[in-house]
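Below is one structure; the comments refer to it alone.
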Amino acid sequence: MTRYALITGASSGLGLALAEALARRGRNLILVARQRETLEPVAIELTQRFGVEVLFRACDLSQPLRLSGFVLELEEGERRIDLLVNCAGQRTYGPFLAHEWADEQDLLEVNILALSRLCHAIGNLMAIQGGGQILNIAGLAGVAPGPWMAAYAASKAYVLSFSEALREELRRTGIKVSVLCPGPVRSSKRPIPRLDASSPSPEEIALYTVRALDKNRALILPGRRNRWLAFAPRLLPRWLTRKLAGRIHRRYCPAGLE
Ligand SMILES: NC(=O)c1ccc[n+]([C@@H]2O[C@H](COP(=O)([O-])OP(=O)(O)OC[C@H]3O[C@@H](n4cnc5c(N)ncnc54)[C@H](OP(=O)(O)O)[C@@H]3O)[C@@H](O)[C@H]2O)c1
């Protein structure tokens, strides 16, 4: 039976770079994002360049009913998924009270609920198949409370904790779970102008990540500076950590929101 890697958020940024890195290694792919018109050309291009089978599915993961329909398709379908990459993510940046609630809710639906639901559904399919691999994308923001990106940072803290816990639980099922914790990445879709120049490209992070997946790393932390930043909250008192995190996030707030 043909095997596929299913990647959410695969139409841009890190998800696209991971799709390309996996296609380069001969992986067949199922790409997921909201917009069909961006997924289709990506699927065609990856098929032509790497000779792999690339399917795509437009689904808004913030909509529980659409997500349920998609999950049902996966459960009832014939396709075998042996790698799940939960990369789709939404972010709000700025004061929590100033955001529309709908945006915060979408963020929580995608970053937490959809990710967990896909781990549950595809994890169960993998358990029946006797194994597989799951990669969840958290972020450095998840290692400490994140003033000025409060819900985003908290959602990434969930992804980090959830993924590490799942790894332990699934150890004997043959399902390997890893979590990627990148610092800022140059992303064409959600640029942070004052930070972008010094950040690695999605392609650099993707290459590092697929190599770390080969080694079944639990926590994938690209870059020495990020490894230090991820460790720092363990050395500092909590009050100082949140003050410093707030100062850093505020500095990079989109102009007018800080
Ligand atoms: N960029 C960074 O600096 C950075 C740092 C640390 C962690 N991360 C994490 O890395 C992941 C990718 O970030 P990125 O900046 O590379 O992303 P991006 O360029 O903003 O792309 C996001 C992807 O997710 C899809 N997506 C967004 N909302 C969706 C929804 N409701 N349903 C289905 N698909 C959805 C988008 O496609 P559609 O718009 O077509 O849906 C797109 O393919 C995220 O989880 C992010 O939190 C990013």
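The values are calculated or read from the model by the stated rules, or taken from the named source; none is laboratory data. Computed from a predicted model, the values in this text were never measured in an experiment. Using ideal geometry, Cβ is built from the backbone for each residue, glycine included, and neighbour counts are taken over all protein chains shown.
When you scan the range 94-107, do you find a residue that is farther than 22 Å from Leu160 by Cβ, within 9 Å of the ligand (Cβ to nearest atom) and not in a strand (DSSP E or B), even just one? No; the residues of the range 94-107 include none that is farther than 22 Å from Leu160 by Cβ, within 9 Å of the ligand (Cβ to nearest atom) and not in a strand (DSSP E or B).
Could you check, for the range 158-166, whether at least one of its residues is touching a helix residue (DSSP H, G or I) at 6+ places or on another chain (Cβ under 7 Å), away from the ligand (no atom under 14 Å from the Cβ) and either more than 27 Å from Arg66 (Cβ to Cβ) or not polar (S, T, N, Q) (or both)? Checked the range 158-166: at least one residue is touching a helix residue (DSSP H, G or I) at 6+ places or on another chain (Cβ under 7 Å), away from the ligand (no atom under 14 Å from the Cβ) and either more than 27 Å from Arg66 (Cβ to Cβ) or not polar (S, T, N, Q) (or both).
In the range 189-211, the qualifying residues are those that are modelled with pLDDT under 95 and in a helix (DSSP H, G or I), and the one that is surrounded by the fewest Cβ atoms within 10 Å (Cβ to Cβ) is Pro193.
How about the range 23-66: which of its residues are of a type in the set (Asp, Glu) and away from the ligand (no atom under 16 Å from the Cβ)?
Initially, the range 23-66 is screened for residues of a type in the set (Asp, Glu), giving 37, 40, 45, 53, 60.
Within the range 23-66, Glu53 is the sole residue that qualifies.
Tell me which residues, restricted to the range 212-225, are surrounded by 11 or more Cβ atoms within 10 Å (Cβ to Cβ) and more than 27 Å from Gly132 (Cβ to Cβ). Scanning the range 212-225 gives Gly223, Arg225. Within the range 140-157, the set of residues being away from the ligand (no atom under 12 Å from the Cβ) and not small (Gly, Ala, Ser) comprises Pro145, Pro147, Trp148.
Mind telling me which of the residues Ile175, Ile220, Ile134, Ile205 ends up being in contact with a strand residue (DSSP E or B) (Cβ under 8 Å, 6 or more places away or on another chain) and either among the aromatic types (Phe, Trp, Tyr) or near the ligand (Cβ under 10 Å from one of its atoms) (or both)?
Numbers: Ile175 fails: either among the aromatic types (Phe, Trp, Tyr) or near the ligand (Cβ under 10 Å from one of its atoms) (or both); Ile220 fails: either among the aromatic types (Phe, Trp, Tyr) or near the ligand (Cβ under 10 Å from one of its atoms) (or both); Ile134 fails: either among the aromatic types (Phe, Trp, Tyr) or near the ligand (Cβ under 10 Å from one of its atoms) (or both).
Within the list Ile175, Ile220, Ile134, Ile205, the selection yields Ile205.
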